[in-house]
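Engineer: I have a structure here, written as structure tokens, and I will follow up with some questions on it.
Nothing in this text is a laboratory measurement; each read-out follows from the coordinates by a stated rule. Predicted model, so just to flag it, every value in this text is computed and none were measured. As a convention, Cβ positions derive from the backbone with ideal geometry for all residues, glycine included, and neighbour counts pool all protein chains shown.
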Amino acid sequence: MAFNTMQLSSEELIDALMHRIQKNTPKWDIAKIDALENRLQMAMAVVRGARNSHQPINRIPPELLAAIFSMTQYHPPGFLPLVGPGTDYTKGCHWLSLLEVCRHWRGVGTAFHSLWAIIDNGLFPLTFLKRSSESLLTIIVGLTKIKFDQQYLAKIIGELPRIREFHVDFCHSDSLLESSVFLSKNAAPNLVSLSLLPNRRRHVALGVSSTLSKLFMGDMPKLKQLCLGFFTSWPPDYFKNLTHLCLHNQDTLTRPSTSEFLDFLESSPLLEKLALIDAGPTRYIPDDLPLVPADRIIVLNHLIEINVKTSSGIASITRLLSHLTLPEQTNMFLWGQPLVPRPEEVSSLFPSDIFRLQNVQNIQEYRLIEQGSEGWSSPDIVAIVNGVLFIRGNSALTELATLLPLRFPQNNIKRLLFNASSSSHFDTISRMWRVAFEHMPSLEVITIRSCDMHKTKVILEGLYPRGTDKSFPCPLLTSLRIEKYMSDISTFLAFFMAILAEERRGIESVEIVSLNKSPAKRWVDVWSVPDSSYSDSDFEEDGCEDDQDEVEGTTSQSDGVDALKRRVRNVKQMKRANSYRHWTPKEWPTQAYLWQKECEMRISSSHRV
């Protein structure tokens with residue numbers, strides 16, 4: 001009986017097909033069966049497509065679905081993008097797996113060209129370049145895959161009119177910067193962000209000039225963000241009206257004078273971020289010509305963050321700061337290894353006249369980390385962040401406690417956090433601490449961490465009333481917090497705090513915290529390992545803790561602790577369940593610090609290749 005297929009339902013048609021296959025299979029050869037199987041698989045794909053088209057997500061307008069795809073991508077910041085191991089950028093290609101879900105999604109992904117606008121020479125660059133069509137581009141060259149050639153660079157430069165961000169590192173490409181391919185005759189009308197990192201070693205070896213040749217016909221009208229390595233000068237009228245500036249690893253012999261650098265800053269009054277990483281006006285005083293008039297001041301009222309990494313001492317930092325006006329919201333990060341070489345003093349880091357530096361006028365918290373002189377590979381840091389002064393380094397304690405206040409206002413400091421070095425050296429006496437405390441009349445809370453309870457006692461002796469009138473420093477002090485690396489507090493120290501509380505009736509609370517982790521004899525900066533994740537060791541520890549890490553516990557009772565409880569209303573004995581605080585600002589490590597470390601990793605990798 002013949003079937004009229006036009007009168008059959010889909011289900012009846014499938015039943016008829018299955019009946020026909022079962023009946024005629026013995027008569028067919030393998031080739032016919034294979035051909036039929038392929039046709040059935042195509043039919044199944046059509047059925048699955050029809051089913052998927054009824055899913056709620058596939059009823060979303062394609063524009064919205066493309067926006068969802070874009071949200072799964074990682075879009076690196078335009079200024080100092082971090083793209084190395086351990087960053088979110090390495091997961092940025094995972095969005096491509098969405099294109100394998102179904103033909104509809106694959107079609108949407110292919111049709112929206114902006115999804116392909118980040119061109120990285122380490123990730124199918126020519127495919128992305130083709131599919132990006134007319135979209136504005138972010139170009140990343142030599143940052144994830146350090147090797148590339150002039151032919152590839154020529155293809156990229158051919159798209160220069162639609163490049164919005166251009167980040168290129170020549171660490172493994174000799175002096176390609178001088179090639180006619182890169183110095184294209186094309187303009188860059190849409191270029192907003194430029195990162196240009198030449199191979200400094202190769203440039204110096206070849207005697208390449210540290211003056212930047214003309215780029216892009218000198219036509220970069222929209223450029224706002226610049227990161228430039230090696231070069232110390234450029235054609236007139238270049239790089240004006242910037243909002244973000246990073247100078248990196250400049251040629252030491254031709255760095256600008258302070259006067260020249262101030263001229264450059266003056267051309268970008270809307271600057272928001274400034275980073276000088278082994279760069280900037282670092283000339284010695286006899287060579288820093290022409291001299292800058294003392295009253296020449298550059299106003300940077302929009303500056304949010306300034307980073308300075310130095311290997312040549314702090315005199316150049318002090319000199320630069322003396323000619324700047326900074327607003328209250330400016331966060332300042334200064335680092336080096338060491339930051340303050342002998343015989344310089346950290347107290348000289350700030351100019352004698354700091355009234356134009358509004359960000360240092362209202363410091364309310366002072367965190368002082370005595371780092372010790374041995375076995376520490378993290379950099380020394382001086383940071384001013386949101387009213388917090390943070391100092392970590394190997395500076396003499398007497399200098400930090402007594403000389404720094406001579407240049408730095410400490411009248412408004414309410415909280416002092418001090419971490420004594422784990423080394424045996426402890427160059428302090430109670431009289432020195434008394435002088436230091438006298439500079440902090442508003443101090444309310446003191447936190448001391450030490451491996452040695454004797455050191456803690458010496459510090460607290462500075463608070464003890466002296467003289468016939470029994471006057472004492474820090475009259476507003478109400479709280480003490482003692483952190484220690486042992487289970488029990490010294491009976492002698494407890495007795496001393498009890499006597500101190502008796503003399504100073506204003507002390508309302510004492511916290512004694514036992515830390516479960518002894519300070520390491522050798523602290524290793526995570527960046528010493530090329531494949532490490534992107535976090536400073538201090539930053540990582542400090543970021544994972546909260547108040548729940550501290551639990552109230554009991555330790556062995558002593559007469560000293562009992563005496564302390566009789567004199568202070570609120571005495572708590574606590575234990576930390578997890579890590580302990582390093583007190584680094586949550587803004588550290590900064591983008592500039594991580595960028596510098598990532599550059600060092602690439603250079604190290606290029607030397608191993």
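Engineer: Order the peptides 19-26, 212-219, 439-446 from the highest to the lowest mean number of other Cβ atoms within 10 Å of their residues. Write out the running numbers ahead of the final one.
Structural biologist: Working: 19-26: 10.0, 212-219: 15.5, 439-446: 18.4.
Highest to lowest by the protection proxy: 439-446, 212-219, 19-26.
Engineer: What net charge do the residues around Lys414 carry, taking every other residue with its C-beta under 9 Å from that of Lys414, with Lys and Arg at +1 and Asp and Glu at -1? Let's see the in-between values first.
Structural biologist: Working: positive: Arg415; negative: Glu365, Glu444.
Here the charged neighbours net out to -1.
Engineer: Let me ask you something else. Tell me, Ile14, Ile30, Ile384 in order of fewest to most beta-carbon neighbours within 10 Å?
Structural biologist: Values: Ile14 12, Ile30 7, Ile384 23.
Final ranking by Cβ density, sparse to dense: Ile30, Ile14, Ile384.
Engineer: Placing unit charges on C-beta atoms (Lys and Arg positive, Asp and Glu negative, everything else neutral), compute the dipole magnitude of segment 12-54 about its Cα centre in debye, rounded to 20. Mind showing how you got there, number by number?
Structural biologist: Details: 7 positive and 5 negative charges, 7 e Å.
The dipole magnitude comes to about 40 debye.
Engineer: Cβ under 9 Å from Leu137's Cβ, Leu137 left aside: what net charge do those residues give with Lys, Arg +1 and Asp, Glu -1? Present the calculation step by step, with values, prior to reporting the outcome.
Structural biologist: Details: positive: Arg162, Arg164; negative: Glu159, Glu165.
Summing Lys/Arg as +1 and Asp/Glu as -1 gives 0.
Engineer: Shifting gears a bit: Report, to one decimal in Å, the Kirkwood hydrodynamic radius for segment 12-54 based on all distinct Cα pairs. Mind showing how you got there, number by number?
Structural biologist: On the way: mean 1/r = 0.0859 Å⁻¹.
With all distinct Cα pairs of segment 12-54 included, I get 11.6 Å.
Engineer: Starting from the Kirkwood Rh over alpha-carbon pairs, what translational D in µm² s⁻¹ does segment 34-173 have by Stokes-Einstein at 20 °C and 1.002 mPa s?
Structural biologist: Numbers: Rh = 17.1 Å.
The Stokes-Einstein estimate is 126 µm²/s.
Engineer: Next up: For Gln55 and Asn386, what does the FRET efficiency come to when R0 = 45 Å and r is the distance between their Cβ atoms, rounded to the nearest 0.05? If you can, show how the numbers build up before the last one.
Structural biologist: Numbers: r = 48 Å, r/R0 = 1.07.
Efficiency, from the Cβ-Cβ distance: 0.40.
Engineer: Using 0.36 nm times the number of residues separating Ile21 and Leu40, minus their current alpha carbon distance, what extension gain do you get?
Structural biologist: Working: separation 19, 0.36 × 19 = 6.84 nm, distance 1.17 nm.
The span from Ile21 to Leu40 would gain 5.7 nm if fully extended.
Engineer: So what is the relative contact order of segment 42-194, in percent, for Cα pairs below 8 Å that sit 6 or more residues apart? Please list the in-between numbers first.
Structural biologist: Numbers: 181 pairs, mean separation 25.2, N = 153.
Normalised by residue count, the contact order of segment 42-194 is 16 percent.
Engineer: Within a Cβ distance under 13 Å of Gly158, other residues only, what is the Lys/Arg minus Asp/Glu net charge?
Structural biologist: Once all neighbours under 13 Å are counted, the net charge is +3.
Engineer: Past 30 Å, Cα to Cα, is the threshold; run Lys91/Lys214; Lys91/Lys484; Lys414/Lys455; Lys414/Lys484; Lys240/Lys414; Lys91/Lys130 against it and keep the listed order. Kindly include the intermediate steps, with their values, before the conclusion.
Structural biologist: Details: Lys91/Lys214 36 Å; Lys91/Lys484 41 Å; Lys414/Lys455 22 Å; Lys414/Lys484 22 Å; Lys240/Lys414 42 Å; Lys91/Lys130 22 Å.
Flagged as over cut-off: Lys91/Lys214; Lys91/Lys484; Lys240/Lys414.
Engineer: Continuing with the same structure: Using Cβ counts within 10 Å as a stand-in for footprinting exposure, how do Leu476, Leu153 rank, fewest first? Write down the numbers at each step before the final one.
Structural biologist: Values: Leu476 12, Leu153 22.
Ordered from fewest to most neighbouring Cβ atoms within 10 Å, Leu476, Leu153 come out as Leu476, Leu153.
Engineer: Return the Rg/Rh ratio of segment 75-151 with Cα-based radii and a Kirkwood Rh.
Structural biologist: Numbers: Rg = 13.1 Å, Rh = 13.5 Å.
My calculation puts Rg/Rh at 0.97.
Engineer: Estimate the FRET efficiency between Arg505 and Asp295 by the formula 1/(1 + (r/R0)^6), using the beta-carbon distance for r and 45 Å for R0, to the nearest 0.05.
Structural biologist: Working: r = 51 Å, r/R0 = 1.12.
So, using R0 = 45 Å, E works out to roughly 0.35.
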